[in-house]
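Comments concern the structure below.
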Amino acid sequence: MDSNIFCSLAAMTAEQRQRHSQLGERLFGRMQAVRELSDGYAMLFPVDTLPDMASFITLERICCPFLNFRITISADSEVIELALTGNEDVKAFLRSEFGSAFEAK
C-alpha cells in the first residue's frame, strides 16, 4: 500500500476516538449489505442511520483523510448507500479495516 494510506487515530482527541468507535460499532452493526466497487466498497444501511453516519464520516475524515465518501438516498428507498472510495490502494485498506464486517454480509 502507498505510504499515505493509513489510519491515524492519533489525529483525534481521546473523546473523538471514543465517539468514533461507538458510532462505528452502532453503524456497522446495522449494515445490511456490501458490494465491491472498482475503487472501494458500497454499503447499505437503514435510512434512520443517517445522523450516526454523518457523525461517523465527520470523525473518519480526521483519521483517514485519503477516503472519499458518497451518500446516496433514493426517493423510493428506505436504505442509504454509503460508498467509501479512493485511489488504487484504498480497497486493500478497507478490506483490512472492515474485512470481518464485509464478510458477514
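The values are calculated or read from the model by the stated rules, or taken from the named source; none is laboratory data. Model, not experiment: these values are computed from the prediction. With ideal geometry, Cβ positions are generated from the backbone for all residues, glycine too; neighbour counts draw on all protein chains shown.
If I filter the stretch 52-68 for residues that are touching a Cys at 6+ places or on another chain (Cβ under 7 Å), assigned to a helix (DSSP H, G or I) and of a type outside the set (A, V, I, L, M), do I get at least one hit? Yes, there is a match, as at least one residue in the stretch 52-68 is touching a Cys at 6+ places or on another chain (Cβ under 7 Å), assigned to a helix (DSSP H, G or I) and of a type outside the set (A, V, I, L, M). Per the conditions (1) assigned to a helix (DSSP H, G or I); (2) out of contact with any strand residue (DSSP E or B) (no Cβ under 6 Å at 6 or more places or on another chain); (3) crowded, with 17+ Cβ neighbours inside 10 Å, the sole criterion not satisfied by residue 94 is (2). Which residues, taken from the stretch 1-36, are free of Cβ contacts under 8 Å to residues at least 40 places away in the same chain and in a loop (DSSP other than H, G, I, E, B)? Hits for the stretch 1-36 are 3, 13, 29, 30. Annotation: residue 44 fulfils all but one of (1) over 17 Å from residue 63 (Cα atoms); (2) modelled with pLDDT under 95; (3) within 13 Å of the chain's Cα centre (by Cα); the unmet one is (2). A single member of 39, 48 is touching a residue at least 40 places away in the same chain (Cβ under 8 Å), out of contact with any Lys or Arg (no Cβ under 6 Å at 6 or more places or on another chain) and among the charged types (D, E, K, R), and it is 39.
Give the number of residues within the stretch 39-60 that are touching a helix residue (DSSP H, G or I) at 6+ places or on another chain (Cβ under 9 Å), surrounded by fewer than 18 Cβ atoms within 10 Å (Cβ to Cβ) and of a type in the set (Gly, Ala, Ser). Final tally of qualifying residues: 1. Among the residues of the stretch 61-83, are any closer than 20 Å to residue 11 by Cα, surrounded by fewer than 16 Cβ atoms within 10 Å (Cβ to Cβ) and without any contact (Cβ under 8 Å) to a residue 24 or more places away in the chain? Yes, because at least one residue in the stretch 61-83 is closer than 20 Å to residue 11 by Cα, surrounded by fewer than 16 Cβ atoms within 10 Å (Cβ to Cβ) and without any contact (Cβ under 8 Å) to a residue 24 or more places away in the chain.
Among the residues of the stretch 21-33, the ones that are among the aliphatic types (A, V, I, L, M), surrounded by 13 or more Cβ atoms within 10 Å (Cβ to Cβ) and over 11 Å from the mean Cα position of the chain (by Cα) come to 0 in all. Taking the criterion of being closer than 19 Å to residue 100 by Cβ and at pLDDT below 95, the residues of the stretch 7-22 that qualify are 7, 9, 20, 21. Out of the residues in the stretch 84-105 that are more than 26 Å from residue 15 (Cα to Cα) and aliphatic (A, V, I, L, M), state the one that is modelled with the lowest pLDDT. The selected residue is 104.
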